[in-house]
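Student: Handing you a structure now.
What follows is calculated from the coordinates using simple rules that are stated; it is not laboratory data. It should be emphasised that the depicted structure is a prediction, and the values quoted were computed from it without experimental measurement. Cβ coordinates were reconstructed from backbone atoms using ideal geometry, including for glycine residues, and neighbour counts include every protein chain displayed.
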Amino acid sequence: MAIYIAREATKLWRKVCAETSVELQLLFEKWHLLLAGIVFQYIHGLAARGVHYLHRPGPILQDMGFMALPELGQDKGYLSETVFTSIFLSFLLWSFHPFVYHSKRFYTVLLWRRVLAFLVASQFLRIITFYSTQLPGPNYHCREGSKLATLPPPKNVREVLLINFPRGVLFGCGDLIFSSHMIFTLVFVRTYHKYGSKRLIKLFAWLMAIIQSLLIIASRKHYTVDVVVAWYTVNLVVFFVDKNLPGT
């Protein structure tokens, strides 16, 4: 048994080393594209913080989703975040499985280049839309009477450029159309649908995306239109970007 374990461990180590060598070579070739995608995540965060300065609380808009789905309450807002975290971590781990498993359908570097391209295109459209139309936030901390609903004018440039994580991410207001959580969720699900090999997991991933959509509305984090526009826009972005981006 010990000899078998040692032999399998040696095979695994060789597999990891071989994949790491190939992936590093791809990283040296594509690093500028990956870096650009990562930098844009920061730009997207700055844009979301900037629109918070413009947000003004007001009466919650009439929403069919709010009428159809019972309100979970402020103490259960963690449910949608838990689902999102599970989706994010699951996708992250899956994206590195070629380093360990022999079945290989993609290179990790090229996969993340593709994912970041989808995210950047979707987030660019999102920035345009939430700066074009600022809605009164339905989330509890964005409602009238909450001290977090508006931000005082910045005192200096550093205050504008510094994103307070996680407070600034979890308690933002004004960046509603369309849902950022759904952007990430749908990009991950669409990517797994294309490159994943397990049909049942593909169906489960879509089910999780639907559950995430319902939880976001039930948690009053977004209006229904924010979720619907996310589904429509992200799927269009993935279709067009995927069509014009060189294959993995």
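Student: Once every DSSP H run of n ≥ 4 in the chain is given -39500 (n - 2.57) and the sum is divided by its residues, what mean residue ellipticity at 222 nm do you get, rounded to the nearest 500 deg cm²/dmol?
Tutor: The per-residue figure over the chain is -23000 deg cm²/dmol.
Student: Could you compute how fast the chain diffuses translationally, taking Rh as the Kirkwood radius over C-alpha pairs and applying Stokes-Einstein at 25 °C with viscosity 0.890 mPa s? Give it in µm² per second.
Tutor: The calculation lands on 123 µm²/s.
Student: Also, I was wondering about something else. Expressed in whole Å with the largest first, what are the equivalent ellipsoid semi-axes of the range 90-183 derived from the C-alpha gyration tensor as the square root of 5 times each eigenvalue?
Tutor: In descending order the semi-axes read 35, 15, 14 Å.
Student: Translational diffusion coefficient, Stokes-Einstein: compute it for the range 136-248 using the Kirkwood radius over C-alpha pairs as Rh, at 25 °C and 0.890 mPa s, and state it as an integer in µm² s⁻¹.
Tutor: D, rounded to a whole number, is 151 µm²/s.
Student: Helix 108-132 versus the longest principal axis of the chain: what is the Cα-based angle in degrees, 0 to 90, to the nearest 10?
Tutor: Taking the Cα atoms of the chain, the angle to 108-132 is about 10 degrees.
Student: While we're here: Taking the mean number of other Cβ atoms within 10 Å as a proxy for protection, how do you rank 173-181, 153-161 from highest to lowest?
Tutor: Ranking the peptides 173-181, 153-161 by packing returns 173-181, 153-161.
Student: Just order 83-90, 145-152 by mean Cβ neighbour count inside 10 Å, highest at the front, would you?
Tutor: Put in order of decreasing packing, that is 83-90, 145-152.
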